[in-house]
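Asker: Shown below is the structure under consideration.
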Amino acid sequence: MRMLRVIAIFMLVATGIAWAQGNNPVVEAHAVMSTDAAHANSTVKLAVLAQVQNGYHINDHKPSLDYLIPTALKVDPSDQFTVKDVVYPKGTPVKFAFSDLPLSVYQGDLTLGVVLQSAKAVPVGSYPLKAKLSYQACNDHACLPPASVPLTVTIKVVPRSVPLKSNEPNIFQRIKFE
């Protein structure tokens, strides 16, 4: 009987943690374009701006240990745009009580870059592009189940004769596009 009580308490705690994460996400994110629109047959730069809740960290995209779940940005395939590159920032080495070595993690604000190539003959119009930022959030004592943030950005394609206007240059200066 005592074992059943322990199991019941564990289940209530686990359910509470999962419910809290679902109602209060540890990571919030959104995407912005470097320009107000795009042209056919050109590169398009996006930034994904994420905020990791205080007290938590997520693993670097190249985790320090093989068994850690990396942070990853996946962009859904599109006939209009292909992914040329995803640019991740360098993680910060942080020493935790549970590890002998510092782990490379992201905390607080996180900015990722994406370079897209628009197709040669994309008609003028607006095109939604979907992506997902996957991660595993941990605090100093435990890790939550892997999760993801869905992202959508609408890319407006305009004729070549229409000049593009820069958006958020301070954000894009922080990304090491190569």
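Asker: Is it the case that some residue within segment 11-27 is under 14 Å from the mean Cα position of the chain (by Cα), more than 21 Å from residue 176 (Cβ to Cβ), open to solvent by 40 Å² or more (accessible area, probe 1.4 Å) and modelled with pLDDT of 95 or more? Please lay out each step first, then the result.
Answerer: Taking segment 11-27 first, the residues under 14 Å from the mean Cα position of the chain (by Cα) are 25-27.
After this cut, where a residue has to be more than 21 Å from residue 176 (Cβ to Cβ) as well, the list is 25-27.
From the residues that got through so far, the ones that are open to solvent by 40 Å² or more (accessible area, probe 1.4 Å) too are 25.
Next, only the ones that are modelled with pLDDT of 95 or more stay: none.
Within segment 11-27, none of the residues are under 14 Å from the mean Cα position of the chain (by Cα), more than 21 Å from residue 176 (Cβ to Cβ), open to solvent by 40 Å² or more (accessible area, probe 1.4 Å) and modelled with pLDDT of 95 or more.
Asker: Out of all the residues in segment 65-91, which are farther than 17 Å from residue 110 by Cβ and hydroxyl-bearing (Ser, Thr, Tyr)?
Answerer: Hits for segment 65-91 are 67, 78, 82.
Asker: Does at least one position in segment 166-177 carry a residue that is under 15 Å from residue 113 (Cβ atoms), hydrophobic (A, V, I, L, M, F, W, C), open to solvent by 20 Å² or more (accessible area, probe 1.4 Å) and within 16 Å of the chain's Cα centre (by Cα)?
Answerer: Yes: segment 166-177 contains one or more residues that are under 15 Å from residue 113 (Cβ atoms), hydrophobic (A, V, I, L, M, F, W, C), open to solvent by 20 Å² or more (accessible area, probe 1.4 Å) and within 16 Å of the chain's Cα centre (by Cα).
Asker: I'm told residue 99 meets every condition in (1) modelled with pLDDT under 95; (2) among the hydroxyl-bearing types (Ser, Thr, Tyr); (3) open to solvent by 40 Å² or more (accessible area, probe 1.4 Å) except one. Can you identify the failing condition by its number?
Answerer: Just one mismatch for residue 99, condition (3).
Asker: Kindly indicate whether residue 50 is open to solvent by less than 30 Å² (accessible area, probe 1.4 Å) and not in a strand (DSSP E or B).
Answerer: Numbers: open to solvent by less than 30 Å² (accessible area, probe 1.4 Å): yes; not in a strand (DSSP E or B): no.
It is false that residue 50 is open to solvent by less than 30 Å² (accessible area, probe 1.4 Å) and not in a strand (DSSP E or B).
Asker: Among the numbered conditions (1) touching a residue at least 40 places away in the same chain (Cβ under 8 Å); (2) open to solvent by less than 70 Å² (accessible area, probe 1.4 Å), tell me where residue 142 comes up short.
Answerer: Answer for residue 142: the failing condition is (1).
Asker: Follow-up question, since we're still on this one. Hand me the list of strands (runs of 3 or more DSSP E) wholly inside segment 100-178 holding 2 or more residues that are more than 20 Å from residue 31 (Cα to Cα) and of a type in the set (A, V, I, L, M). Give the steps one after another, and end with the answer.
Answerer: Details: elements: 103-106, 109-118, 125-135, 147-157.
Once the strands (runs of 3 or more DSSP E) in segment 100-178 are filtered for at least 2 residues that are more than 20 Å from residue 31 (Cα to Cα) and of a type in the set (A, V, I, L, M), what remains is 103-106.
Asker: Please pick out the residue among 94, 114 that is within 19 Å of residue 42 (Cα to Cα) and of a type outside the set (Ser, Thr, Tyr). Lay out the reasoning, then the answer.
Answerer: Details: 94 fails: within 19 Å of residue 42 (Cα to Cα).
It is 114.
Asker: So, one more: Write out, first by first residue and then by second, each pair whose Cβ atoms fall under 9 Å of each other, whose residues are 6+ apart or on separate chains, and whose first residue, in segment 63-84, is more than 15 Å from residue 128 (Cα to Cα) while the second is surrounded by fewer than 14 Cβ atoms within 10 Å (Cβ to Cβ).
Answerer: Filtered contacts from segment 63-84: 64/93; 64/99; 64/101; 64/102; 65/99; 65/101; 69/146; 70/62.
Asker: Condition check: touching a residue at least 24 places away in the same chain (Cβ under 8 Å) and touching a strand residue (DSSP E or B) at 6+ places or on another chain (Cβ under 7 Å). Does residue 148 satisfy that? I'd like the intermediate steps shown before the answer.
Answerer: Numbers: touching a residue at least 24 places away in the same chain (Cβ under 8 Å): no; touching a strand residue (DSSP E or B) at 6+ places or on another chain (Cβ under 7 Å): yes.
So residue 148 fails the test.
Asker: Could you grab me the full set of residues in segment 55-96 that are open to solvent by less than 50 Å² (accessible area, probe 1.4 Å), over 30 Å from residue 127 (Cβ atoms) and assigned to a strand (DSSP E or B)?
Answerer: 57, 59, 94
Asker: Looking at residue 118, is it over 19 Å from the mean Cα position of the chain (by Cα), surrounded by 17 or more Cβ atoms within 10 Å (Cβ to Cβ) and within 30 Å of residue 169 (Cβ to Cβ)?
Answerer: On the way: over 19 Å from the mean Cα position of the chain (by Cα): yes; surrounded by 17 or more Cβ atoms within 10 Å (Cβ to Cβ): yes; within 30 Å of residue 169 (Cβ to Cβ): yes.
When the stated conditions are applied, residue 118 passes them.
The values are calculated or read from the model by the stated rules, or taken from the named source; none is laboratory data. Because the structure is predicted, anything quoted here is derived from the model rather than measured. Using ideal geometry, Cβ is built from the backbone for each residue, glycine included, and neighbour counts are taken over all protein chains shown. Protein only, heavy atoms only, side chains kept; ligands, DNA and RNA dropped before computing areas. Shrake-Rupley method; radii C 1.70, N 1.55, O 1.52, S 1.80 Å.
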